Amino acid sequence: MVAELPLLVAVELAADRVFDGTGMGPLPPPGSVEELAAAECVLVVGDPPVGFARLGRVDGQAHLEQLSVHPDHGGRGVGTALLAAACDWAARSGYRAVTLTTFADIAWNGPFYAGRGFTPVTDLSPGLRAIRHHEAAIGLDDLGPRIVMRRML
């Protein structure tokens with residue numbers, strides 16, 4: 001698994017290219033190998049990897065830190081399968097919910113998660129509030145409206 005981590009950074013870089021056509025400015029750099037290694041769980045699809053989900057813990061709940069699918073494999077259900085696997089992992093690990101932050105209006109972000117049982121969260125816990133402050137500090141809010149979402153398990 002450790003040998004795959006640099007490949008996952010490349011998948012995230014490629015996946016971020018789909019934002020180029022939205023008129024948004026460049027996204028911040030992808031997660032690092034160190035961030036991937038420190039995650040509570042990393043789920044990978046493909047050999048070599050074509051998609052992954054990185055999960056951590058925020059305020060006692062599972063938090064989907066990243067879900068990336070290489071654009072050459074988009075539209076085939078890879079993201080949906082990764083999301084389902086992430087929720088299954090969280091439930092098996094004793095979590096009651098999965099949270100995430102994403103762009104509110106981009107079809108493969110907010111609406112994608114809403115269609116898979118995630119709902120907006122407005123009363124943010126301290127950890128989610130800290131994530132949102134960090135996102136704003138690195139310029140994500142300048143690219144488009146952001147939303148915090150949660151799916152109960």
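The values are calculated or read from the model by the stated rules, or taken from the named source; none is laboratory data. Everything numeric here is computed off the predicted structure, so don't read it as measured data. Reconstructed Cβ throughout: ideal geometry from the backbone, glycine too, with neighbour counts over all protein chains shown. Surface accessibility is based on the protein's heavy atoms, side chains included, excluding ligands, DNA and RNA. Shrake-Rupley method; radii C 1.70, N 1.55, O 1.52, S 1.80 Å.
For this structure, a couple of remarks:
- Simple spin-label estimate for A38 and D59 gives 2.1 nm between the two label positions (7 Å along the Cα-to-Cβ direction from each Cα).
- Evaluated at q = 0.11, 0.21 Å⁻¹: base-10 log I(q)/I(0), Debye formula over Cα of region 32-117: -0.28, -1.07
- Theoretical ellipticity at 222 nm over the chain - DSSP helices of four or more residues, -39500 (n - 2.57) apiece, nearest 500: -9500 deg cm²/dmol
- Alpha carbon convex hull of the chain, volume per residue in cubic angstrom: 107
- Multiplying the residue separation of A130 and A10 by 0.36 nm and subtracting their alpha-carbon distance yields 40.5 nm.
- Split the accessible area of the chain by element, probe 1.4 Å, and carbon with sulfur accounts for 55%.
- Packing, as the average of other Cβ atoms within 10 Å across residues, places the peptides 39-50, 134-145 in the order 39-50, 134-145, highest first.
- Lys, Arg +1 and Asp, Glu -1 on Cβ, resulting dipole of the chain about Cα centre, debye, nearest 20: 560
- Once the 1.4 Å probe is applied to the protein heavy atoms, region 37-88 comes out at 43 Å² accessible per residue.
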